[in-house]
Amino acid sequence: MIECDSTARRWGNSLGITLPKEDVDREGIQENDRLKVLVMKNDNTFKETFGLLNGRFKQSTQEIKDELRKELYDD
């Protein structure tokens, strides 16, 4: 499995992406190989949203999860 950055470009009436040669060589990808592609727009929305919360909790993430589980299942 590889993760790489690519730019969508016009290809007829569609958009296409290219894979870096280094990744193609490392994975042994050849013409007509079937690939599964996970597409995520490269923006900082997630990081910006959750980065705002950084440092606002006095509890660790695990402590918050444990507390939520307790409330959900111990009633």
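Since every read-out is calculated from the coordinates, none of them should be taken as a lab result. For clarity, every value in this text was computed on a predicted model and none was experimentally measured. Neighbour counts run over all protein chains shown; Cβ positions are idealised from the backbone, glycine included.
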Applying the Karplus parametrisation 6.51 cos²θ - 1.76 cosθ + 1.60 with θ = phi - 60° to the phi angles of region 7-15, what ³J(HN,Hα) value in whole Hz is obtained for each residue in order, glycine and proline being reported as x?
10, 6, 10, 4, 9, x, 8, 10, 10
Once you put a point 7 Å from the Cα of LEU15 and another 7 Å from the Cα of GLU67, both along the Cβ direction, what distance in nm separates them?
4.1 nm
Out of the trypsin sites (Lys or Arg not before Pro) in region 1-47, which ones are loop residues according to DSSP with at most 10 other C-beta atoms within 10 Å?
ARG34, LYS36, LYS41
